Each structure stands twice: as C-alpha cells, then as structure tokens.
Amino acid sequence: MLNLFALFLVLGTTQDSDTSMVWVEGNGEIQSFYMDKYEVTMAEFQRFVAATGYKTSTEILDSGKVYNPYYRKVKGVNWRHDVYGREIPQERYNELPVSRVSLKDAQAYAQWVGKRIPTKEEWMYAAHGGIKSKSYRYVGGNRARQVGWFDGNSRETLMPIGQKTPNELGIYDLGGNIEEVATDFTDKKIWSMGGSFFTDKDYFELDYLENGSYRHIGGATMSEGPLTGIRLVKDAK
C-alpha cells in the first residue's frame, strides 16, 4: 500500500514547492498567484545573460542615466553599473538586485525563467499583505526604517536584498531599495512600484500607493533608469 505521506510529498499541495516564491492567496477579485520572495538579483540576471547572450536596452544604446548631481546619459553604462555610473563588483552580484532594466529586458528574463511581470493590481494586493493584511502604514509595517530602504537610511546607494522585515506574506523589499516593474492587463501602461533607495519613504506608504500615485513610466516602453528592477509572479495551477 502506497504510503499516504509519501504521496502527499510527491503531489504537494495547492502551493508551489519553489521556496524562492511565496503563495499569495486570492480574495475573489484577485486570483491566487505566486510572487518572488526577493527582487531578482544581479547574479540571477547574469546567468540569464550568459545562457542566452541577451543584450539589454542600455547595452544596445550603449548608454545609461547617471546621477551626478543630476541625471544625464553616459556612454557605456548598463545594468552592471550603479546610480552614479560606477561598475558594481561581481562579488556583490548575489546580494544586490538588478536594475537599469527596460520592460523588454524584464519580459525576456521572465520568459526565460517561466514567470511573468505582475499587474499593478497583483503587486498592490501583495504589498498590502493579501488576506493576511494587518493594515500597516508602510509596505510590511508601521516603521519605514524597519521594512524598507529609502533616502533616509540607505546612504542613497543600492542595498542588499532581504535585510529588512518582510511583509505579512513573507515577501521582502516590496517597499524601497528598487522600484519594481508592473503592468496593466493590456501592457499599454508600465508602472514602477514601491519606491527606492534614492527616494522618500512616502513612495512605499500604502495610502499613497492606494490613492493612485504610482510612478507611471508611460507608453509601451520603459526608461532604463537606475532605480528600476524586477520581481516576478507565476500563475497558480
């Protein structure tokens, strides 16, 4: 007779066994889905680039935006460089989120790993904590410094993933560090969600986000800015 516990382990439950993702149970309006526990790292993106030979938008343009002391395009800057145009050491790729990605870049990576970009509705639902929401002020808590990196605690530099308190669902860095790509259902509007290490904590205050003050990038393309990165989702089976 087949051991029922073994059968359970083989078949699993309604939740995914991939520990890099978190199950986000729906509420009737939002369908259940999985979301990355962390933002996509530079190391993960580098593996994609190495395996496919993919060239990002900034690499094709051979320039990226650099802040010093205002934004300007600088030749040779791409996803391997920080907001100031400095090349990031490869030994930090495992801990830092990838940035300077366009919508095209994010979609290409998502297809490669078998996931997709979240809609802004899914992103907001997860940011609120889904059905486990505790109605916090900020994404994940009432004290901004405990849950996210912003201009008041980051020294205005990109920070390692997973260092702050996760939200109610166990998802890290939805507020601060880097903004995250989201779309609407038609992909005609691109949204940059959650604030960054370079902006004020208000950008990940939930009331601010809920009132529609999303960072609208606009159009069917997206600026490859130094503050924008990737967090992906996957449909529930």
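The values are calculated or read from the model by the stated rules, or taken from the named source; none is laboratory data. Just so we're clear, the structure is a prediction, and the values are computed from it rather than from any experiment. Virtual Cβ from ideal backbone geometry, glycine too; neighbours counted across all protein chains shown.
Below are the figures for this structure:
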{"item": "Residue check, Glu44 at pLDDT 95 or above and closer than 27 Å to Ala236 by Cα", "result": "yes"}
{"item": "Test: residue in the range 101-115 that is in contact with a Lys or Arg (Cβ under 7 Å, 6 or more places away or on another chain), of a type in the set (D, E, K, R) and closer than 20 Å to Tyr38 by Cα", "result": "yes"}
{"item": "All positions within the range 162-196 that are part of a loop (DSSP other than H, G, I, E, B) and among the charged types (D, E, K, R)", "result": "Lys164, Glu168, Asp173, Asp184, Asp187, Lys188, Lys189"}
{"item": "Any pair with Cβ under 7 angstrom, 6 or more apart, that starts in the range 49-71 at a residue that is surrounded by 13 or more Cβ atoms within 10 Å (Cβ to Cβ) and ends at one that is assigned to a strand (DSSP E or B) and among the small types (Gly, Ala, Ser)", "result": "Thr58/Gly64"}
{"item": "Ser135 vs. criteria out of contact with any helix residue (DSSP H, G or I) (no Cβ under 9 Å at 6 or more places or on another chain) and hydroxyl-bearing (Ser, Thr, Tyr)", "result": "no"}
{"item": "Meets criteria (surrounded by 14 or more Cβ atoms within 10 Å (Cβ to Cβ) and in a loop (DSSP other than H, G, I, E, B)) for Tyr34", "result": "no"}
{"item": "Pair list, Cβ under 6 Å, 6 or more apart: the range 198-209 residue assigned to a helix (DSSP H, G or I), other residue among the charged types (D, E, K, R)", "result": "Tyr208/Asp202"}
{"item": "Residues of the range 86-102 satisfying the condition of being farther than 13 Å from Ala43 by Cβ and surrounded by fewer than 17 Cβ atoms within 10 Å (Cβ to Cβ)", "result": "Arg86, Glu87"}
{"item": "Residues of the range 120-161 satisfying the condition of being in a strand (DSSP E or B) and either under 24 Å from Pro226 (Cβ atoms) or in contact with a His (Cβ under 9 Å, 6 or more places away or on another chain) (or both)", "result": "Tyr138, Trp149"}
{"item": "Options Glu91, Glu95: the member that is in a loop (DSSP other than H, G, I, E, B), at pLDDT 95 or above and not hydroxyl-bearing (Ser, Thr, Tyr)", "result": "Glu95"}
{"item": "Odd one out for Asp151, checked against (1) closer than 18 Å to Phe197 by Cβ; (2) touching a strand residue (DSSP E or B) at 6+ places or on another chain (Cβ under 9 Å)", "result": "(2)"}
{"item": "Sole residue being free of Cβ contacts under 8 Å to residues at least 40 places away in the same chain, touching a strand residue (DSSP E or B) at 6+ places or on another chain (Cβ under 8 Å) and of a type in the set (D, E, K, R), chosen from Glu95, Glu87, Glu91, Glu180", "result": "Glu87"}
{"item": "Residue within the range 148-169 that is surrounded by fewer than 24 Cβ atoms within 10 Å (Cβ to Cβ), more than 19 Å from Pro97 (Cα to Cα) and among the basic types (Lys, Arg) present", "result": "no"}
